[in-house]
1. Starting from the Cα coordinates of segment 46-139, work out the convex hull volume and express it per residue in Å³.
2. For a quick check of understanding: with a 1.4 angstrom probe and all protein chains in place, what accessible area in square angstrom does LEU267 have, to the nearest ten?
3. Name the long-range amide H neighbours of TRP92: under 5 Å, sequence gap of 5 or more, or other chain; modelled H, no Pro or chain starts.
4. Taking 8 Å as the Cα distance limit and 6 or more residues as the minimum spacing, I'd like the relative contact order of segment 84-151 as a percentage.
5. Counting only protein heavy atoms and a 1.4 Å probe, tell me what percentage of the chain's accessible area is made up of carbon and sulfur.
6. Give the separation of the Cα centroids, segment 117-154 to segment 33-74, in Å.
7. Can you work out the Karplus-derived ³J(HN,Hα) for every residue in segment 58-64? Use 6.51 cos²θ - 1.76 cosθ + 1.60 with θ = phi - 60°, whole Hz, and x for glycine or proline.
8. Under the Karplus relation 6.51 cos²θ - 1.76 cosθ + 1.60, θ = phi - 60°, what is the ordered set of whole-Hz ³J(HN,Hα) values for segment 33-42, x standing for Gly and Pro?
Amino acid sequence: MKFPLALVAVLLAAVACAPEEAGTSPSPSAPSDCAKDKLALKTAGTFTIGTDKPAYEPWFSKDDPANGKGYESAVAYAVAKKLGFEPTDVKWLTVQFNTAFAPGPKKFDIDVNQVSISEQRRKAVDFSTGYYDVSQTVITTKGSKIAGAKSIADLADAKLGAQVGTTSYTAAKEVIKPKQDPAVYDTNDLAVQALKNKQIDGIVVDLPTGFYMTAAQLDDGQIVGQLPASGGAAEQFGFVLEKGSGLTSCVSQAVDALRTDGTLAKLQQEFLTGGGAPELK
């Protein structure tokens with residue numbers, strides 16, 4: 001989910017997709033354990049943050065994570081500030097989406113790239129508490145065979161697509177359960193191109209990205225509707241950290257503080273606000 005250019009309209013909601021869970025956030029450290037000079041950083045004095053390239057709207061702006069614009073960039077800098085870092089202390093690192101939560105050591109302190117928290121992924125990496133409640137959505141173009149869909153059952157015969165390794169793909173498989181297996185793409189850009197080429201009828205993607213695609217990437221793009229949460233569990237994006245990282249509880253404390261003081265809501269209003277989308281049942 002990523003792209004340059006204009007702004008986007010979006011919504012925040014809670015919904016569908018893949019394995020999620022709440023209530024398993026790391027136990028908080030004592031405040032003194034999170035002092036900047038005591039943090040277990042990859043590079044002393046530098047807060048290293050990973051994300052994919054391109055870095056898409058509305059999560060980032062102009063494919064430049066370092067400009068502090070876009071929801072995830074802004075939240076990452078807000079977390080850095082809570083931990084005592086100046087913007088100049090932050091270093092961005094390109095990390096491919098699927099490798100961010102793969103097993104093994106990491107070069108980043110945190111990674112931010114619309115990665116949904118799941119128990120399966122938690123076997124390989126740590127997650128902070130969630131910084132965004134996710135809703136999965138189906139998009140298409142006007143006049144397509146699913147443009148008038150009003151229910152999940154109306155999508156049964158559709159050929160859908162989603163980015164590989166995402167909870168969007170899981171939602172396509174487990175929530176919609178279409179008769180044809182969903183097509184898998186390395187990036188959402190490739191999924192958009194497939195929709196333009198009429199190789200697929202629709203794309204499953206998180207709601208903010210869906211708003212961006214329909215507004216900025218597709219001619220006559222259309223939101224079909226939001227999907228219910230897979231298994232009834234809410235889905236959240238969280239920062240990814242190396243398994244067993246000494247930073248996990250400190251980053252979670254920072255995220256929790258930003259939620260409590262209203263910063264997350266304010267940034268969502270600034271970067272993700274938009275219209276609603278119908279709910280498919």
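The values are calculated or read from the model by the stated rules, or taken from the named source; none is laboratory data. For clarity, every value in this text was computed on a predicted model and none was experimentally measured. We work out accessible area using only protein heavy atoms, side chains counted, and drop any ligands, DNA or RNA first. Shrake-Rupley method; radii C 1.70, N 1.55, O 1.52, S 1.80 Å.
1. Values: hull volume 10.1 nm³, N = 94.
In segment 46-139, the Cα hull volume divided by residue count equals 107 Å³.
2. 20
3. Counting only residues 5 or more places away or on other chains, the set is ILE49.
4. Values: 20 pairs, mean separation 15.9, N = 68.
Contact order relative to length: 23 percent.
5. Details: 6050 of 11650 Å².
Solvent-exposed carbon and sulfur of the chain make up 52 percent of the total.
6. When both Cα centres are located, 24 Å separates them.
7. Karplus values, whole Hz, x for Gly and Pro: x, 6, 9, 9, 6, 6, 9.
8. Taking θ as phi minus 60°, the curve returns 5, 9, 5, 3, 6, 10, 6, 7, 8, 5 Hz for segment 33-42.
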